[in-house]
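Coordinate-derived values only; no laboratory data. Only a predicted model underlies this, so the values are computations on that prediction, with no experimental measurement involved. Cβ coordinates were reconstructed from backbone atoms using ideal geometry, including for glycine residues, and neighbour counts include every protein chain displayed.
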Amino acid sequence: MSHQQATQAVRAGIETDEQYGAVTPPLYLSSNYTFENLGSPRKYDYSRSGNPTRDVLADCLADLENGAGAVVTSSGMSAVHLVTQLLQPSDLVLVPHDCYGGTYRLFTSLANKGGCRVKFVDQGDSETFAAALTEKPRMLWMETPSNPLLRIVDIVQLCEQAGDDVIKVVDNTFLSPIQQKPLDLGADLVIHSTTKYINGHSDVVGGAVIAKAEGLYEQIAWWANCIGITASPFDSFITTRGIRTLGIRIKKHEENAQSIAEYLDKNCLVENVYYPGLEYHPGHLIARKQQTGFGAMLSFTTKFDQETLAIFIKSLKLFSLAESLGGVESLICHPATMTHAAMDKSAQLEAGITPQLLRVSVGIEELEDLLSDLKQAFDFVENKLGNLQQEVSNG
């Protein structure tokens, strides 16, 4: 019997303990396991290669993404690194020009040392993307919605254009399997920073790679064991506990984000709002087609200078200034100096990341409290600016 995704997440590993009948699966911290006899290993022999606690999470993620198998890694960036093991030095990778800063840094560094060839492309520009495909890439890397400008690309269309000879990868961190299933849309691999929505409580760093086909999964699993980037049992246990509430958390996250985006859109001190749930967003129709929700990440620019921007951020009480995203608490960050600081200034500007841009990870606090907090911060800045103007006019 097939179940809805929220149910699958809640039931991950439930009633699998055959020794004591524990409802939730036990935590296996052992680093190694005995062999039955000389030359006869059991299912598990060493926890880097396999661990029952980590497998509960991996199986859940594979089920949620409709994949053949999943590898759980020690961080989101180790998941990105794991996928690069499929590349040869001569292979070309097409990467979004506005990808996450850590991904940009890894691919740039890998290319600089001759690990592969990289081309950063505006994948939303059909002519530019078509031209890049003539260079016969080995891998297509997609990030939709993008970080931090929430740009949307059509996964089906790009995968069809790339063809079967290209390994098609989608970073699905911003939406989670609850709101987007790239493997069903033509991708070969999906990656996640499980640190974010999948765990959802900002207390574990982790990642995952899910493969559509068994053969590709076996390659990924082999490399994960080879380079030793699999997640610890305890981190896997905590992440599985977090994923059980993924379905209900996502609903509240998105409900809050939609209302906050609409509030910012009407605010005279805000210049631009980037959120796919707004009907005028360039990717709105594509998002409606390939997603089951618009997510809870948004970005916006204000009309403030840098000094005033700092005052605005400092005035907020319920939006913590911090990197990362997807936790139950609301966060705000300045991509140019935080999450995307690894990109040089020219690359930032090409990606559309300006000093005025703020990125918000909307949490699950009460909406009324979040809106009140934003309003008081804007009011404080507006009053301060008004007082300064009055002082200047008074001479």
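Per-structure values
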{"item": "Integer Hz, Karplus 6.51/-1.76/1.60 couplings in order for segment 13-28, x for Gly and Pro", "result": "x, 5, 6, 9, 6, 8, 8, 10, x, 4, 5, 8, x, x, 8, 9"}
{"item": "Alpha-carbon centroid distance for the pair segment 307-325 / segment 204-255, whole angstrom", "result": "30 Å"}
{"item": "Sequence-distant residues sharing a close amide H with H97 (under 5 Å, placed H)", "result": "V121, D122, Q123"}
{"item": "Average Cα contact separation per residue, the chain, under 8 Å, 6 or more apart, as relative contact order %", "result": "18 percent"}
{"item": "Neighbour-limited loop hits for GluC sites (Glu not before Pro), segment 1-102 (at most 13 other Cβ within 10 Å; DSSP other than H, G, I, E, B)", "result": "E15, E18, E36"}
{"item": "Residue-count net charge about V205 - beta-carbon cut-off 12 Å; Lys, Arg +1, Asp, Glu -1", "result": "-2"}
{"item": "Alpha-carbon Rg with Dmax, taken over segment 120-168, Å", "result": "10.4, 30"}
{"item": "DSSP-defined antiparallel bridges as percent of all bridges, the chain, nearest 5", "result": "60 percent"}
{"item": "Dipole moment magnitude, nearest 20 debye, the chain about Cα centre, only Lys, Arg, Asp, Glu C-beta charged", "result": "500 debye"}
{"item": "Cut-off 11 Å between beta-carbons: net charge of the residues surrounding F120, Lys and Arg +1, Asp and Glu -1", "result": "-2"}
{"item": "Most mobile of T173, T84, T144 in a GNM of the chain (Cα contacts under 10 Å)", "result": "T84"}
{"item": "Distant-in-sequence amide H partners of T73 (H built 1.01 Å from N, under 5 Å)", "result": "G207, A208, V209, A231"}
{"item": "The chain: mean projected area of Cα convex hull, nm²", "result": "22.3 nm²"}
{"item": "Selected from M139, M338, M297 as most flexible by GNM, with the chain as the system and alpha-carbon contacts under 10 Å", "result": "M338"}
{"item": "Point-to-point label distance, L269-R105, nm (Cα→Cβ direction, 7 Å offset)", "result": "3.2 nm"}
{"item": "Alpha-carbon centroid distance for the pair segment 336-373 / segment 1-37, whole angstrom", "result": "38 Å"}
{"item": "Dmax and Rg, reported as Rg then Dmax, of segment 244-395 (C-alpha, Å)", "result": "16.4, 61"}
{"item": "Filtered GluC sites (Glu not before Pro), segment 304-366: DSSP coil and at most 13 other beta carbons within 10 Å", "result": "E366"}
{"item": "Vicinal HN-Hα couplings computed from phi for segment 50-56 (Karplus, 6.51 cos²θ - 1.76 cosθ + 1.60; Hz; Gly/Pro x)", "result": "x, 8, x, 5, 5, 5, 4"}
{"item": "For segment 315-321, 3J(HN,Hα) per residue [Karplus equation, 6.51 cos²θ - 1.76 cosθ + 1.60, θ = phi - 60°, Hz, x = Gly/Pro]", "result": "6, 6, 10, 10, 10, 6, 6"}
{"item": "Trypsin sites (Lys or Arg not before Pro) lying in DSSP loop within segment 229-270, provided at most 10 other Cβ fall within 10 Å", "result": "K266"}
